[in-house]
Amino acid sequence: MMPFSAPLPDLIKSRRSCRTYEKKPIAVETAAQLRGFAGSLQQGPFHSALRFELVAGGEKEARTLKGLGTYGFIKNPAGFLIGAVGPGAKNLEDFGFSMEALILYATSLGLGSCWLGGSFSKSRFAAKVRATAAEMVPAVAAVGYPADETRLRALLRTRIKADARKPWHSLFFHGDLATPLAEESAGAYAVPLQMLRLAPSASNKQPWRVVQQGACFHFYLQRSPGYHRNLSPLPSFIIADLQRVDMGIAMCHFQLTAEEMGLKGEWSVADPDIAKPNETVEYIASWTGK
Ligand SMILES: Cc1cc2nc3c(=O)[nH]c(=O)nc-3n(C[C@H](O)[C@H](O)[C@H](O)COP(=O)(O)O)c2cc1C
């Protein structure tokens, strides 16, 4: 179904946020492929209307980023992937899902990328894609050819622990949200779950939790209250609920890997009423394997 040039686990393992790019525009042919794929993403798994565009990057855009609440510094971005999503109960999950598919596609074209969450909805980024009042621009992604990391930038990766992921047993559960799922018990789904665990997330908070119950995998969001407080001077209400975007990204890694392995299933929103440890845990959606 997806036109990736390498197996998804390879792409997922090789992707990492790239914040310094070579001063080089994206090759015409590559940009055309990226635009073609971006244009094909018009709906997420929960049917919100979406659209994505590739726009050229510039110093102006790179400078504006900070004022919009993003963290880290993006150097020489060749372009930006900008998406707009319409209303819908699961529109941020849909946005995260589809934008991550686009990012994995960019990875398969040899491009580096970095998700950037901020208050883009009224910014010059939104203007570039002519976002309407009914649409949101929850995040954008820088893209370009990766350049070598400077020590300062490597330091940022250390500060936000970019390479670390929470252990399997603290993310994946069996039957309820208290009983860890043994990796051996996950069967063929161990691989999609391993690939989910490598997903990028805002400030690397990894808010995803999954409960397996028979053929179902229930996805939960473990909120990190005020997680961007220390990184952004802006009040949180201006910034989209990025942890819901994180959930969509995780669902993308899970579904695309499963499908590549021939594991079929579908998403639904039907809360299984599993006891939650506290109110910072929210039910999002379930995958039912067929
Ligand atoms: C929704 C979202 C928003 C993000 N916002 C920013 C940002 O504003 N600035 C930044 O430098 N990185 C941002 N990131 C990148 C994360 O910091 C990064 O994915 C995480 O630390 C894991 O590192 P990795 O992507 O290299 O695996 C964002 C990631 C996501 C998923």
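Listing for the model above:
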| read-out | value |
| --- | --- |
| Dipole-positive endmost among Pro138, Phe80, Ser5 within the chain (Cβ charges, Cα centre) | Phe80 |
| Cα-Cα P(r), the range 1-129, percent of pairs per 10 Å interval | 12, 43, 38, 7 |
| Extreme residue, positive dipole direction of the chain, given options Pro45, Leu34, Pro192 (C-beta unit charges) | Leu34 |
| Folded to 0 to 90 degrees: helix 242-260 orientation relative to the chain principal axis, Cα | 70 degrees |
| Computed magnitude of the charge dipole of the chain (debye, nearest 20; Cβ of K, R +1, Cβ of D, E -1) | 1220 debye |
| Inter-centroid distance (Cα atoms) of the range 242-290 relative to the range 1-78, Å | 24 Å |
| For the chain, projected area of the alpha-carbon convex hull averaged over all directions, nm² | 14.2 nm² |
| FRET efficiency, 1/(1 + (r/R0)^6) with R0 22 Å, evaluated for Val269 and Ala188 via beta carbons | 0.35 |
| Residue-span extension gain [Arg151 to Thr288] - 0.36 nm each, minus C-alpha spacing | 44.8 nm |
| Per DSSP, loop trypsin sites (Lys or Arg not before Pro) in the range 84-164 with at most 13 further Cβ within 10 Å | Lys122, Arg130, Lys161 |
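Where a number appears in this text, it was derived from the coordinates with a stated rule and is not lab data. Quick caveat: nothing in here was measured; it's all calculated off a predicted structure. Please note: Cβ atoms are built from the backbone with ideal geometry, for glycine as well, and neighbour counts cover all protein chains shown.
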